[in-house]
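The values are calculated or read from the model by the stated rules, or taken from the named source; none is laboratory data. Because the structure is predicted, anything quoted here is derived from the model rather than measured. Methodologically, a virtual Cβ is constructed for each residue, glycine included, from the backbone with ideal geometry; neighbour enumeration extends over all protein chains shown. Surface accessibility is based on the protein's heavy atoms, side chains included, excluding ligands, DNA and RNA. Shrake-Rupley method; radii C 1.70, N 1.55, O 1.52, S 1.80 Å.
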Amino acid sequence: MEKTNVAIVGLGTVGAGVARLLLDHGDRTARHAGRTLWLKKAVVRDLNKDRDVDLPEGVLTDSIQDVIDDPDIHVVAQLMGGLEPARSVMLELMEAGKDIVTANKALLAEHGAELFTRAQQLGRSIAFEAAVAGGIPIVANISQCLSANQILSLEGILNGTSNFIVSQMDEFGSDYGSVVAEAQRLGYAEADPAMDVDGTDAAQKLAILSHLAFGASVDWSEIPRVGIDGLDPDDLRYAKELGYRIKLLAVANLAEDGLELSVAPTLVRVGTPLAEVRDAFNAIRVQGDAVGPVFYHGLGAGQMPTASAVVADLIDTAVGRTQITFRTLRYFSNDQPPRVLLRDAETLVGRYYLRLPAANHPGTLAAIANVLSRHGISIASVIQHESSDGDRQRDPVPLVIMTHEATEGAASQATQEIESLSSVSGPVVRLRVKG
Ligand code: NAP
Ligand code: HSE
């Protein structure tokens, strides 16, 4: 049987999973590729570190040059995180004639245009299914399987770590810090977990999907984003009382005047598909003009789901499928003008959940309602719990308001004005509500 030599650069959580699939299931990959995928080298920083996989003699190296200088290695799974040296290494590997498979979304979101343009110039390819939503084949689905459609919207849970944390806090009352540590132990989190919990990782994935779905050249750092790092367990409890769960939702909506993009903790009604996505699972609802709604659900982080996507890309590259789609789809090409402009975040329309500490005396509710009314925001429901002993002196009391639809601009101005009322003694928590 023919053989394609493969190298892995970075043998951490994902790299070790990829090595295990190649070594333990070589027969399966050979059957699906019609050729053997032979793991020739695995590059790490520290040769003495314990690895999550047993490698044959001579495979492990701490020299990237061993891969660059080997003309018999044709495909490289580039699985180190971060921007540098990942960017330079990818460029060097392509210059040396290697096709690339990667899971590094931060790198693609930041330097995708440069890397993809260089790959086109060199006649090389970059496959990146594992960069978005782990094991869910969303890149292939959007760029190939749904290519007859104009995608109208994408809406999803794109960060497994955040979803794991919020699910554990919601279902078991777990403490935020200990669940973050558990997500790190389970291999879900980025090397710097701040990127997961502050919405950066989800925004980077949304930017990549927006390139594929809308041809939009999106700078991920311009996507309005809020993470789950400031989420208060009280809001999870109030959301539950109202019949919702809080999820970190990434949304891209193609409107007449532009593309709306956002990442934010959002109340999602219990019983709807996105609300039922738990733990490190991801989900994406895609609306196409011909196909209608399509829903994808699967593990979005972790060793083997991510390795599954990487190895599928290795097989596609070994048999030459990636090279064809890469050439024809011209992902991230910066010689085409962006087709879609980012829409001003202030004009986004949605419903809101507000929680605020309100003075327990006459006129408070009227003053708050007055501010909302002046901004054209209608109240859908209000919760203010009487304390168990009916104590009127409990002051301030948490007041929770659900609104009908309003623009982001109006909601944000109203929030500031409510915070400045003398009857409101602290910041207003404002969360989106999925319509
Ligand atoms: P990780 O566990 O931190 O592993 C990174 C690996 O890269 C380590 O083996 C490290 O070597 C190696 N490395 C770093 N700098 C290097 C250098 N200069 N030269 C050689 N090797 C170097 O990270 P991971 O979780 O596997 O993630 C890898 C990539 O996949 C990241 O871009 C991440 O965003 C992405 N990703 C991860 C997941 C997931 O669930 N974990 C899912 C999808 C995508 P040492 O071990 O010797 O330090
Ligand atoms: N840290 C990422 C997450 C890994 O939790 O979703 C998958 O990209």
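A few remarks follow.
- Considering the stretch 72-87, the residues that are away from ligand 2 (no atom under 16 Å from the Cβ) and either within 23 Å of Trp38 (Cα to Cα) or more than 24 Å from the chain's Cα centre (by Cα) (or both) include one that is surrounded by the most Cβ atoms within 10 Å (Cβ to Cβ), namely Val76.
- The lone exception for Ser167 - which of (1) within 14 Å of ligand 2 (Cβ to nearest atom); (2) closer than 18 Å to Ser308 by Cβ it fails: (2)
- Looking only at residues in the stretch 182-221 that are among the acidic types (Asp, Glu) and either within 16 Å of ligand 2 (Cβ to nearest atom) or modelled with pLDDT of 95 or more (or both), the one that is surrounded by the fewest Cβ atoms within 10 Å (Cβ to Cβ) is Asp192.
- Hits in the stretch 279-296 (condition: open to solvent by 10 Å² or more (accessible area, probe 1.4 Å) and either within 14 Å of ligand 2 (Cβ to nearest atom) or among the aromatic types (Phe, Trp, Tyr) (or both)): Asp279, Phe281, Phe295, Tyr296
- Applying the condition of being of a type in the set (Phe, Trp, Tyr) and without any contact (Cβ under 8 Å) to a residue 60 or more places away in the chain to the stretch 155-201 and asking which residue is nearest to ligand 1 (Cβ to nearest atom) yields Tyr176.
- Pair list, Cβ < 6 Å and 6+ apart or interchain, from the stretch 405-426 residues that are farther than 20 Å from Pro362 by Cβ to residues that are open to solvent by less than 40 Å² (accessible area, probe 1.4 Å) and at pLDDT below 95: Glu408/Ala345; Glu408/Leu348
- Check on Ser143, outside any loop (DSSP other than H, G, I, E, B), in the same structural domain as Gln204 (by TED's automatic domain parsing) and either at pLDDT below 95 or open to solvent by 30 Å² or more (accessible area, probe 1.4 Å) (or both): yes
- Residues of the stretch 224-278 that are buried (at least 23 other Cβ atoms within 10 Å of the Cβ), modelled with pLDDT under 95 and not in a strand (DSSP E or B): none at all.
- Residues of the stretch 173-227 that are within 28 Å of Ser153 (Cβ to Cβ) and acidic (Asp, Glu): Glu190, Asp196, Asp198, Asp201, Asp219, Glu222.
- Among the residues making up the stretch 12-43, a single one is more than 16 Å from ligand 2 (Cβ to nearest atom), within 21 Å of Gln184 (Cα to Cα) and open to solvent by less than 10 Å² (accessible area, probe 1.4 Å): Ala19.
- Among the residues of the stretch 343-391, those that are open to solvent by 70 Å² or more (accessible area, probe 1.4 Å) and under 29 Å from Val218 (Cβ atoms) comprise Asp344, Glu346, Val349.
- Selection over the stretch 396-435 of residues that are of a type in the set (D, E, K, R) and either in contact with a strand residue (DSSP E or B) (Cβ under 6 Å, 6 or more places away or on another chain) or surrounded by fewer than 14 Cβ atoms within 10 Å (Cβ to Cβ) (or both) gives a count of 4.
- Single match in Ala109, Ala148 (criterion: of a type outside the set (S, T, N, Q) and more than 12 Å from ligand 2 (Cβ to nearest atom)): Ala148
- Residue check for Val310: buried (at least 23 other Cβ atoms within 10 Å of the Cβ) and not in a strand (DSSP E or B): yes
- Some residue of the stretch 286-300 being away from ligand 1 (no atom under 16 Å from the Cβ), small (Gly, Ala, Ser) and part of a strand (DSSP E or B): yes
- Matching residues, the stretch 115-136, being closer than 18 Å to Arg321 by Cα, open to solvent by 10 Å² or more (accessible area, probe 1.4 Å) and away from ligand 1 (no atom under 13 Å from the Cβ): Gln120, Leu122, Gly123, Arg124
- Residue check, Leu93 within 16 Å of ligand 2 (Cβ to nearest atom), surrounded by 22 or more Cβ atoms within 10 Å (Cβ to Cβ) and among the hydrophobic types (A, V, I, L, M, F, W, C): no
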